[in-house]
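Notes follow the structure.
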Amino acid sequence: MRTILAVIGDYYHPAEAIAEGLQQSLAPLMASGDIEFSYTTVKYLAEELAAKPDAVILYKDNNVNPADEQVQQWLDEETEQAILRYVRAGGGWFAWHSGLASYPAEGGYVQMTRGYFQHHPEQKLVRSITIQPAERSGEEHVNIAADLAFETVDEHYFVHCDEASTTVFMRTYSEDGQSIGGWSHAYGGGRVCCLTPAHNRESLLHPVLGELVNACVQWCARMA
């Protein structure tokens, strides 16, 4: 049995909708007894990482109070270093949607994820489609079939991604342009996977997104 830990919810992303989508995505793994799934908060994250869960899901913006004049961020140096140590030592990290948002571009966390959120236009129809990953000799990456696609009205995340240092497995398209929607790579002895969709409850419950989330979690936890 693999242990999966999740940290979800922020100012713009209610935890209830994320949890509903996550529970639906992971339901087959929980029903079969393949995973033990639990939630924690950023306050206890470093402590929980010391217990060495098989994988961690982060769907949480770094900004705690983005609407205020003085914006606070939750990721301090101690927690960041705990995350990096955890993954280097063999842990799995799944940075999902806002788990890529507002983290310092030059910081250790983004050096680990090799990508970060830049902006999104107003919500509109976004098409997400998996692609055949380019071969990168000796590199591990998520194994997802190409041409798995879905369309929803949602935020179209535009990201910076260091494509030369990771393996892209999904791209996203809207009338505003195209971006990278999913990528994965090894980091030290661990695995890192990043996925940009989705924001809205309807999108989070889309069965194709659920399949993608399930595959990302399994890969991070070395179940696939």
Sort 152-161, 190-199 by packing, meaning the average of other beta carbons within 10 Å per residue, with the highest value first. 190-199, 152-161
For the stretch 70-75, in order, what is each residue's ³J(HN,Hα) by Karplus, 6.51 cos²θ - 1.76 cosθ + 1.60 with θ = phi - 60°, in whole Hz (x at glycine and Pro)? 9, 7, 9, 10, 8, 7
Would you mind calculating the gained length between GLN132 and GLU16 on full extension (0.36 nm times residue separation, minus the Cα-Cα distance), in nm to one decimal? 38.4 nm
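On alpha carbon coordinates alone, what is the Rg over Rh value for the stretch 1-68, Rh being the Kirkwood radius?
When Rh is taken as the Kirkwood radius, the ratio is 1.01.
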Global geometry of the chain, whether rounded, prolate or oblate, following the gyration tensor of its Cα atoms and the 1.5 cut on a/c: rounded
Cβ crowding within 10 Å averaged over residues, with 50-63, 9-22 ranked highest first: 50-63, 9-22
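Relative contact order of the chain, please, whole-number percent, based on alpha carbon pairs below 8 angstrom and at least 6 residues apart.
RCO, the chain: 23 percent.
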If you take the Cα Rg of the stretch 1-130 and divide it by 2.2 N^0.38 Å, with N the number of residues, what do you get? 1.09
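Can you tell me, using C-alpha contacts under 8 Å and at least 6 residues apart, the relative contact order of the stretch 96-197 as a whole percent? If you can, show how the numbers build up before the last one.
On the way: 219 pairs, mean separation 31.7, N = 102.
Normalised by residue count, the contact order of the stretch 96-197 is 31 percent.
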So, in Å, what gap is there between the alpha-carbon centers of the stretch 167-224 and the stretch 111-135? 8 Å
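Values in this text are rule-based calculations from the coordinates and carry no lab data. Quantities reported herein were computed from a predicted structural model and do not represent experimental measurements. Because the Cβ atoms are built from the backbone with ideal geometry, glycine has one as well, and the counts that use them run over all protein chains shown.
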